[in-house]
Structures are given as structure tokens and as C-alpha cells.
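The values are calculated or read from the model by the stated rules, or taken from the named source; none is laboratory data. Just so it is clear, the model here is predicted, and its values are computed rather than measured. No Cβ is skipped: glycine too gets one built from the backbone with ideal geometry, and neighbour counts run over all protein chains shown.
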DNA sequence: CACCGTATGTCAGACTTCTGACATGAGCAA
DNA sequence: TTGCTCATGTCAGAAGTCTGACATACGGTG
């Protein structure tokens, strides 16, 4: 186990650290969601629908950071299992607004509590100011990355 | 396109923002790596090997945040294509130390420059102090998430 | 009106990554 | 020594996600 190499500049890369943090968060979420029989994307979809009922498949995909094809697969499963309901036909255009069923809402409740606990744990040891500046830093990175293609 | 809903607290969640930033970074990296015929994991593996020659499959997996099974699949492809070399048998134990071939080193050079440019773009508009505090914040989050299982 | 660009929902196939499992080898303790 | 624990490399199958493609529908401009 060669633990010590050169002064690997990966240790100084904010990009690498960002991926590391994101992975740690995903792993922690998977840990608490697995006992509930839920994946992270699964949960994300339900959470988005709880906060904005009527979102379309494509909107959900953007909100969960996956392609609309992936979200479609998930939505069909969630619909089949009774967590989500969509009209059979679009009232206007092709957009099918999705909604949580009572079962979906109930399932989300446990998951949401578990995920909130993870986020609280993640922020433990950070002051309000530190959280605020981290928030602004992440916003800035996102903006810069998306800007000049 | 209902863009305005309730005051979605996802907009205030550092966890959500973390995932958003990480996704933006991954997308930006994929954009510049695709013309080079490389994926992010592909690049990560080569970069790790450049900085710490002789890393094992399992070590590389941890460094690239994937399972050792996934890294093994990638490593076999990289070996087949001549980017990486591993001894046929372990000198001691089962660990097979991997190394970049000249071709791997050359391929990495272009990729590394492209990725560095992305990171520079990401940090544009942030002062040295802001970067430093973002660094500490991410480190803190990682530590807190991994600590109390 | 017709046209074109954009966005959506969906299907199909391929790729990547994961989980589960097994055998091997190092390290340590009894 | 024997036994136990942990880590590693690897194979096989399952699950998730992606790219590519198509038909459809809206919104603007000619």
C-alpha cells in the first residue's frame, strides 16, 4: 500500500475535492435510502414532485441531473408501482404533468427525513457564515462552468 | 414550462447545490475530453497513474471514486489499448502495480491541459481567499459525512 | 397560411457501473 | 504451526444511464 508519493496536486485541486465531496454525499444518501428500498434518483424525483407538483418528465430530468430518457425509465417504474400518477394523454401539447400519489407522498416522508439528517450531518461543524460562503462559491463555480462553452 | 412554483427549498440546499456543481464540472470535462476520445474515469485513471506510478487497481478505484470492479474493466481496456502496463504476475501478494506507457503519457498530456483549462474556468471570478475557504468547506463536509456512519 | 427551429415523450440498443461471489495472499493472534 | 481477519484481483450477472433516433407539438418568422 504505497500511500506516500509525490506531492500529488490532486490534493490541491478544487475540482477533485468537489467530486470527492459529491461522492461522499451520494454514498451517505445511498446508505440511508437503501433500507427504504430507494435509490438517490428515485428519491430526487419524488422530492422534486413534492415541491413542484405537475412537473413534466423533461423538467424532472433536468432537476435530477439525468437525461430525459433515464428519467422516463424511472417514471414508468414509479408509475407502475403506484408512487406517481400521470394522465394518459396530454391536455395540451405532449407534456404529461406528473403528481405524487398518496403512497408516493408517504414513501417520500421517511426518505426525506433520512436525507435531511444526512445534510445536517454534512453541515455539522460549519458556521452559518461558512455555509453561506460555501453556497456562494458553488453558485459561482456553476455559473462559470456553464457560461463560456 | 412552469418555471415558478413554491419557494422550493432545494434552492437553499447545499447538498443539492453540491450535486449541481459536480454535475456541471463533469459535463464540462466530458465536453473537452470527448474530442480526445476519453471519458472522465479514463482520464482520472491516467492522471492518478502519472502522479503516483505503481498504483494498484484497488487504489486507482478509490482515487477515481468507483468500485474496484469498475476500475478493473477500465484497466483491462487501457492495457489492451496500450495506455497502461501491468506485470503478468505479482512480485508479492496479488497486487499488480500499474504504470503509464509512453503512449499513455502522451495521451494524458493533451487531456490534462484541457482539464486544467476547465478548472481554471470554474475558478474564474473567485478570489484566492474565496477558493481557500471553499476548499476548507468541502474538506469539512467530506470529513463530517464519512465520520459518524 | 406555410415553414423552420426548438422541445417533448418514447423506443431501442449499447455502454458503464454496480452488486454478489469466489479464490488467493498478507498480517496478526492464539 | 493453525486459524482468523482483511484486502486484493477477477468473473458473472443485474441495474442504471447514456447516445441515437423518431414522431409529434408548440412558437415564432417568412
- Message: Considering only residues that are under 17 Å from the mean Cα position of the chain (by Cα) and free of Cβ contacts under 8 Å to residues at least 24 places away in the same chain, which ones fall in the stretch B:90-118?
- Response: B:109, B:113, B:116
- Query: So residue A:116 clears everything in (1) within 16 Å of DNA strand D (Cβ to nearest atom); (2) in a helix (DSSP H, G or I) except one condition, right? Which one?
  - Reply: (1)
- Which condition number does residue B:36 fail, the rest of (1) more than 12 Å from DNA strand D (Cβ to nearest atom); (2) more than 9 Å from every other protein chain (Cβ to nearest Cβ); (3) modelled with pLDDT of 95 or more being met? (3)
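Filter the stretch A:82-102 down to the residues that are surrounded by 13 or more Cβ atoms within 10 Å (Cβ to Cβ) and closer than 24 Å to residue A:34 by Cβ and list them by number.
A:83, A:84, A:100, A:101
Can you give me the number of residues within the stretch A:120-149 that are without any contact (Cβ under 8 Å) to a residue 24 or more places away in the chain and assigned to a helix (DSSP H, G or I)? It would help to see each step written out before you state the result.
Let us first name the residues in the stretch A:120-149 that are without any contact (Cβ under 8 Å) to a residue 24 or more places away in the chain, namely A:120, A:123-140, A:142-149.
Retained after the next criterion (residues that are assigned to a helix (DSSP H, G or I)): A:120, A:123, A:128-140, A:142-146.
Here the count works out to 20.
Every residue, every condition in (1) out of contact with any helix residue (DSSP H, G or I) (no Cβ under 7 Å at 6 or more places or on another chain); (2) buried (at least 20 other Cβ atoms within 10 Å of the Cβ); (3) outside any helix (DSSP H, G or I), yes or no:
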position	(1), (2), (3)
A:41	no, no, no
A:54	yes, no, yes
A:60	no, yes, no
A:76	yes, no, no
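Can you name the residue in the stretch B:68-89 that is over 19 Å from residue B:104 (Cα atoms) and within 8 Å of DNA strand D (Cβ to nearest atom) and is also farthest from the chain's Cα centre (by Cα) among such residues?
Kept after step one, since they are over 19 Å from residue B:104 (Cα atoms), are these residues of the stretch B:68-89: B:68-70, B:89.
Then drop every residue that is not within 8 Å of DNA strand D (Cβ to nearest atom), which leaves B:68-69.
Details: B:68: 15, B:69: 17 Å.
So the residue we want is B:69.
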- How many residues are more than 9 Å from DNA strand C (Cβ to nearest atom) and within 13 Å of another protein chain (Cβ to nearest Cβ) when one looks only at the stretch B:59-89? 4
- Task: Any residue in the stretch A:58-71 that's within 16 Å of residue B:11 (Cα to Cα): show its pairings with residues that are near DNA strand D (Cβ under 7 Å from one of its atoms) at Cβ separation under 7 Å, as long as the two are six or more apart or on different chains.
- Result: A:64/A:41
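Has the stretch A:120-130 got at least one residue that is closer than 22 Å to residue A:65 by Cα and more than 7 Å from chain B (Cβ to nearest Cβ)?
The answer is no, given that none of the residues of the stretch A:120-130 is closer than 22 Å to residue A:65 by Cα and more than 7 Å from chain B (Cβ to nearest Cβ).
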- Message: Suppose we keep only residues that are over 10 Å from residue A:46 (Cα atoms) and not in a loop (DSSP other than H, G, I, E, B) within the stretch A:90-108. Which one would you say is nearest to DNA strand C (Cβ to nearest atom)?
- Response: A:103
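Where residues in the stretch B:44-57 are touching a residue at least 24 places away in the same chain (Cβ under 8 Å) and within 9 Å of another protein chain (Cβ to nearest Cβ), which of them is nearest to residue B:116 (Cα to Cα)? Give the derivation first.
Taking the stretch B:44-57 and keeping what is touching a residue at least 24 places away in the same chain (Cβ under 8 Å), we get B:45-47, B:49-50, B:53-57.
Remaining after also requiring within 9 Å of another protein chain (Cβ to nearest Cβ): B:47, B:53-56.
Values: B:47: 12, B:53: 20, B:54: 23, B:55: 22, B:56: 25 Å.
That would be B:47.
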